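Peer 1: Would you mind keeping the following structure in view while I ask a few things?
The values are calculated or read from the model by the stated rules, or taken from the named source; none is laboratory data. As the structure is a computational prediction, the values presented were derived from the model and not from experiment. Ideal geometry is used to build each Cβ from the backbone, glycine not excepted, and the neighbour counts take in all protein chains shown. These area figures cover heavy atoms from the full protein model, side chains too; ligands, DNA and RNA do not enter into them. Shrake-Rupley method; radii C 1.70, N 1.55, O 1.52, S 1.80 Å.
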Amino acid sequence: MSSSPRVHIIYRGDGWAVKKEGAARAYKILGTQSEAIRFAKRNYAKGTEIIVHRKDGSILKWL
Amino acid sequence: MPGSDFEKNVFINCPFDEEYVPLLRPMLFTILMLGFEPRIASERKSSNEQRISKIRELIRKSKYSIHDISRMQAKGKGEFARMNMPFELGLDFGCKEFGQEKLAQKKCLVLDKEPYRYQKALSDLSGSDICSHGNESSKLVQVVRNWFIENESCTSLPSSTKIWDKFNTFMTDFYQKRSQEGFSEDELQMMPVKELIGFMRDWLKGSSSESGDL
């Protein structure tokens, strides 16, 4: 398991937030879940756990 | 047992089915994170106890209540409307109206999926403040949180965004840890409410003792 903080892709009413666990605010809010996933993969180090949530907060997938 | 405090108890009147789980979970989490105690008829299942007796007891013991009437409509032709939710809403209204002393202080939040839709079936409630969640989990968190701000004399409750983000992190830990313990996807989806509340409470206790957000 990665020792760096997890990154969550979380639904917002106006899009999808990319947020590092422990951060006070989202790093970025994108229009779609796919865009948010691409952004997270591009901007966080390899090995960082990225958790993609559904709109209801449950887990869609771990990357 | 937690939940004997009238001032902190929140009676929840909602459907108990798989379809409603995406709304029930964040509702329970929000109530706990705001320092209140969710009380729900399914917290205690006993074949020799009438459900209506449990409901009456919970309504009497709870200063707050949340009634979600978004599912009372019949789904198909020939089906009956689901009247339990409006019935329990009526019981709660009656308890406040005709109850004495602390029962007269009761406050309730009525939820539906769309604004004004309830007027077609419950026109007696016209003019009341009914909040809509649009069937969205994150919106429900916002509605419930804002209602507590309006009805409790406190200004330092966490934002709905913070609650929602924290709920998402809880779901991550919940699924990860419970899966490792052998719970199947189905078991996690339809976990008994009392058990789920216990997990949430323990997780919130643990997360508040750590530094940091989310």
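Peer 1: Would you confirm, using the coordinates I've provided, whether B:Q180 is more than 16 Å from the chain's Cα centre (by Cα), farther than 17 Å from B:F36 by Cβ and within 10 Å of chain A (Cβ to nearest Cβ)?
Peer 2: Considered against the rule, which asks whether it is more than 16 Å from the chain's Cα centre (by Cα), farther than 17 Å from B:F36 by Cβ and within 10 Å of chain A (Cβ to nearest Cβ), B:Q180 comes out as no.
Peer 1: Taking B:E187 as the residue in question, decide whether it is more than 13 Å from every other protein chain (Cβ to nearest Cβ), at pLDDT below 95, part of a helix (DSSP H, G or I) and farther than 20 Å from B:I12 by Cα. Step through it out loud before you land on a result.
Peer 2: Values: more than 13 Å from every other protein chain (Cβ to nearest Cβ): yes; at pLDDT below 95: yes; part of a helix (DSSP H, G or I): yes; farther than 20 Å from B:I12 by Cα: yes.
Yes: the conditions hold for B:E187.
Peer 1: Can you tell me which residue is modelled with the highest pLDDT among those in the range B:50-80 that are in a loop (DSSP other than H, G, I, E, B) and exposed (fewer than 13 other Cβ atoms within 10 Å of the Cβ)?
Peer 2: Only one residue tops the list, namely B:Q50.
Peer 1: Condition test on A:I10, is it assigned to a strand (DSSP E or B), more than 17 Å from B:K162 (Cα to Cα) and at the interface with chain B (Cβ under 9 Å from one of its Cβ atoms)? Can you show your working first?
Peer 2: Working: assigned to a strand (DSSP E or B): yes; more than 17 Å from B:K162 (Cα to Cα): no; at the interface with chain B (Cβ under 9 Å from one of its Cβ atoms): yes.
So A:I10 does not fit the description; no.
Peer 1: Only one of B:D186, B:D165 is over 21 Å from B:E19 (Cβ atoms), more than 17 Å from the chain's Cα centre (by Cα) and not polar (S, T, N, Q); which?
Peer 2: Answer to the selection: B:D165.
Peer 1: Further question on the same structure: Among A:A40, A:A17, which is the only one that is over 21 Å from B:F174 (Cβ atoms) and either at pLDDT 95 or above or among the polar types (S, T, N, Q) (or both)?
Peer 2: Values: A:A17 fails: over 21 Å from B:F174 (Cβ atoms).
When all the criteria are applied, what remains is A:A40.
Peer 1: Could you check the range B:190-211 and list, in sequence order, the residues that are outside any helix (DSSP H, G or I) and open to solvent by 40 Å² or more (accessible area, probe 1.4 Å)?
Peer 2: Passing the criteria: B:M190, B:P192, B:S209, B:E210, B:S211.
Peer 1: Next question, about the same structure. Which of (1) of a type outside the set (A, V, I, L, M); (2) assigned to a loop (DSSP other than H, G, I, E, B); (3) open to solvent by less than 40 Å² (accessible area, probe 1.4 Å); (4) free of Cβ contacts under 8 Å to residues at least 40 places away in the same chain is the odd one out, the single condition B:P158 does not satisfy?
Peer 2: B:P158 satisfies every listed condition except (4).
Peer 1: Looking at A:G31, A:G13, A:G47, A:G57, which is the one that is touching a Lys or Arg at 6+ places or on another chain (Cβ under 9 Å) and open to solvent by 40 Å² or more (accessible area, probe 1.4 Å)?
Peer 2: From the options A:G31, A:G13, A:G47, A:G57, the qualifying one is A:G13.
Peer 1: Is it the case, given these coordinates, that B:S42 is surrounded by fewer than 18 Cβ atoms within 10 Å (Cβ to Cβ), in a helix (DSSP H, G or I) and modelled with pLDDT under 85? Don't jump to the end; show me each part of the working.
Peer 2: On the way: surrounded by fewer than 18 Cβ atoms within 10 Å (Cβ to Cβ): yes; in a helix (DSSP H, G or I): yes; modelled with pLDDT under 85: yes.
Considered against the rule, which asks whether it is surrounded by fewer than 18 Cβ atoms within 10 Å (Cβ to Cβ), in a helix (DSSP H, G or I) and modelled with pLDDT under 85, B:S42 comes out as yes.
Peer 1: Would you mind finding the one in B:F174, B:F148 that is open to solvent by less than 20 Å² (accessible area, probe 1.4 Å), more than 8 Å from every other protein chain (Cβ to nearest Cβ) and either farther than 24 Å from A:K61 by Cα or of a type in the set (A, V, I, L, M) (or both)?
Peer 2: After applying the criteria, what remains is B:F148.
Peer 1: Now a separate question. Take residues that are within 13 Å of chain B (Cβ to nearest Cβ) and of a type outside the set (A, V, I, L, M, F, W, C) and tell me which of the strands (runs of 3 or more DSSP E) falling wholly in the range A:13-63 contain 1 or more.
Peer 2: In the range A:13-63, A:15-20, A:50-53, A:59-62 are the strands (runs of 3 or more DSSP E) which contain 1 or more residues that are within 13 Å of chain B (Cβ to nearest Cβ) and of a type outside the set (A, V, I, L, M, F, W, C).
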